[in-house]
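Following: one structure in structure tokens, then a few remarks.
Read-outs throughout are calculated quantities, based only on the coordinates presented, and are distinct from any laboratory measurement. No experiment lies behind these values; they were computed from the predicted model shown. Neighbour counts are summed over all protein chains in view; Cβ atoms, including those assigned to glycine, are modelled from backbone coordinates with ideal geometry.
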Amino acid sequence: MKSRVRESRTHGSVRGWHREVPVYSTLMGYFTREEDMLSMVFLKGYQWPFDVNKIFGGSSVIDLLAYQETILKGRRVYFDFTRNPGGKEVPFEKLSQEAYDYLKQAGALSGTPIERLRQMNEPAISYYQDHQVDLCHEKLEVAVCV
């Protein structure tokens with residue numbers, strides 16, 4: 001099945017079609033080590049909303065990078081829950097201790113993003129499904145919310 005990316009909306013108006021960019025490849029431009037990027041993405045799962053105290057060394061850097069890519073650069077950035085970044089196994093043992101502990105406690109130290117989400121927060125999958133987004137087959141666009 002071909003993936004579909006939803007149009008993003010900003011301030012009630014539909015933005016034009018822009019270059020689609022996978023979130024992981026976008027983020028790797030800002031991190032020197034893949035495991036640092038993955039740690040911040042995994043921590044974003046529970047460190048929300050945005051917190052100025054979590055910009056440096058915390059997951060709120062992901063919010064700032066999303067803003068930069070989507071608003072300032074006009075790119076459409078999305079998460080693909082069907083496969084791991086680069087199509088390879090996640091090096092869980094190289095993650096930050098906090099990210100590793102978070103995933104371990106949730107029993108999510110394996111699989112694809114959709115499998116980890118199912119283990120950690122299955123109601124989230126149902127929520128998106130109820131809003132016509134099938135995370136098992138579709139990409140989820142990243143958007144900055146206020």
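The mean of 1/r over all pairs of different alpha-carbon atoms in region 19-141, once inverted, gives a Kirkwood hydrodynamic radius of 15.0 Å.
Of 136, 145, the sequence from fewest to most neighbouring Cβ atoms within 10 angstrom is 145, 136.
Can you give the extra length, in nm with one decimal, that the chain gains between residue 53 and residue 31 once fully stretched, where that is 0.36 nm per residue apart less the Cα-Cα distance? Mind dumping the intermediate values first?
Numbers: separation 22, 0.36 × 22 = 7.92 nm, distance 1.89 nm.
Going from the current span to full extension adds 6.0 nm.
Ignoring aspartates and glutamates fewer than eight residues from residue 73 along the same chain, the ones with Cα atoms less than 14 angstrom from its Cα are 20. Inter-label distance, residue 94 to residue 133: 2.9 nm, where each label sits 7 Å from its Cα along the C-beta direction. Among 32, 49, 95, flag the residue with its Cα farthest along the positive direction of the charge dipole of region 19-141, charges on Cβ as +1 for Lys/Arg and -1 for Asp/Glu. In region 19-141, that residue is 32.
Treating the beta-carbon of each Lys and Arg as +1 and of each Asp and Glu as -1, no other charges, what is the dipole magnitude of region 19-141 about its Cα centre, to the nearest 20 debye? Display every interim value, and only then the final one.
Details: 14 positive and 18 negative charges, 57 e Å.
In total the dipole reaches around 280 debye.
If you look at the Cα atoms of region 69-146, you get an Rg and a Dmax of 14.1, 37 Å.
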